[in-house]
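**Q** One structure is given below, represented as structure tokens, and several questions about it will come after.
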Amino acid sequence: PAWWFYNNWVPSFLNSKFHVSLFAVGLPLVVIYLLTDAGSIAGGWLSSALIKRGMDVFTARKITLLVCAACTVPVFLAPQMDSMWTAVVLIGVAMAAHQGFSANLFTLVSDTMPRGAVASTVGLGGGISSVAGAFSAAAIGRVLDATGNNYTIVFFVCASVYVIATAVIHFVLPRSRASIVTADEQLASAG
């Protein structure tokens, strides 16, 4: 839902906070999406670099998720900024971190699921995300109506969800790839 908020509500936020018209929002969005592209590449690079240095795959992915989650936290300051460009950079960094987070989340699925279940798992996760995004759009609209277009709560939630997700992933996933391989081997020998 945070991703859908950024994609769908940022032009409205820029208009509400900084009086940027829909015609003038192009350059700020270009900056945001260029940062987003860099985040996607950087997230994949970081986990790969850690693995190449000998770190366990799960540890490398979890550290990368934590770094990405930490990079989303400052976005809660965006509504308090007096400078549109500072807010744009904060949003761009949060979206970049989302992309790095997402890249590693997809890879975690292939690291932890049997080959035949990877596509279904990713599809299920994407479907759940889309449904949650749809419901969150209605919730965001209600929050903005109730607060007089104050985006503070929404940005705070967006700053928090990745940290919470990282904690859940850390406690749900096993500590090492070896425990997954052993379970896969047991399933293969039973089948």
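**Q** First select every other residue whose beta carbon is under 14 angstrom from the beta carbon of C68; then total the charges, Lys and Arg +1, Asp and Glu -1.
**A** Around C68, the surrounding residues sum to +2.
**Q** Here's another thing I want to ask about it. Work out how much length M113 to T59 would gain on full extension: take 0.36 nm times their residue separation and subtract the Cα-Cα distance, in nm to one decimal.
**A** Answer, rounded to one decimal: 17.8 nm.
**Q** Next question. Mind checking the per residue accessible area of the range 1-133 for me, 1.4 Å probe, whole number of Å²?
**A** Roughly 50 Å² per residue, with all protein chains present.
**Q** If you don't mind, another one. If I compute Cα Rg over 2.2 N^0.38 Å from the structure I just sent, which labelled value in (1) 2.55; (2) 1.15; (3) 1.37 lines up?
**A** The calculated read-out lines up with (2).
**Q** Further question: Want the number for N150 to S130: 0.36 nm per residue separation, take away the alpha-carbon distance, what's left? Write out the running numbers ahead of the final one.
**A** On the way: separation 20, 0.36 × 20 = 7.20 nm, distance 2.43 nm.
Length gained, N150 through S130: 4.8 nm.
**Q** Can I ask one more? Tell me, what ³J(HN,Hα) does each residue in the range 77-88 have, in order and in whole Hz, if you take phi through Karplus 6.51 cos²θ - 1.76 cosθ + 1.60 with θ = phi - 60° and put x for Gly and Pro?
**A** My calculation for the range 77-88 gives 7, 3, x, 8, 6, 8, 9, 4, 5, 5, 5, 4 Hz in order.
**Q** Can you compute the FRET efficiency between I41 and R142 using 1/(1 + (r/R0)^6), with r the Cβ-Cβ distance and R0 = 25 Å? Round to the nearest 0.05.
**A** Calculated transfer efficiency: 0.10.
**Q** Could you go through the range 159-165 in sequence order and give the Karplus-derived ³J(HN,Hα) for each residue, using 6.51 cos²θ - 1.76 cosθ + 1.60 with θ = phi - 60°, rounded to whole Hz, and x for Gly and Pro?
**A** 6, 8, 4, 6, 5, 5, 4
**Q** Based on the Kirkwood radius over alpha-carbon pairs, what is the Stokes-Einstein translational diffusion coefficient of the range 7-68 at 37 °C with 0.692 mPa s viscosity, in µm²/s?
**A** Estimated via Stokes-Einstein, D reaches 239 µm²/s.
**Q** While we're on this one: Residue by residue, what Karplus-based ³J(HN,Hα) values in Hz, rounded to whole numbers, does the range 97-108 have, using 6.51, -1.76 and 1.60 with θ = phi - 60° and x for Gly and Pro?
**A** 5, 4, 5, x, 4, 4, 4, 6, 5, 4, 5, 4
The values are calculated or read from the model by the stated rules, or taken from the named source; none is laboratory data. If you're wondering where the values come from, they're calculated on a predicted model, not measured in any experiment. When we count neighbours, we look across all protein chains shown, and the Cβ atoms used for this are built from the backbone with ideal geometry, even at glycine. For the accessible areas, the whole protein counts, side chains as well, though only heavy atoms, and no ligand, DNA or RNA atoms are used. Shrake-Rupley method; radii C 1.70, N 1.55, O 1.52, S 1.80 Å.
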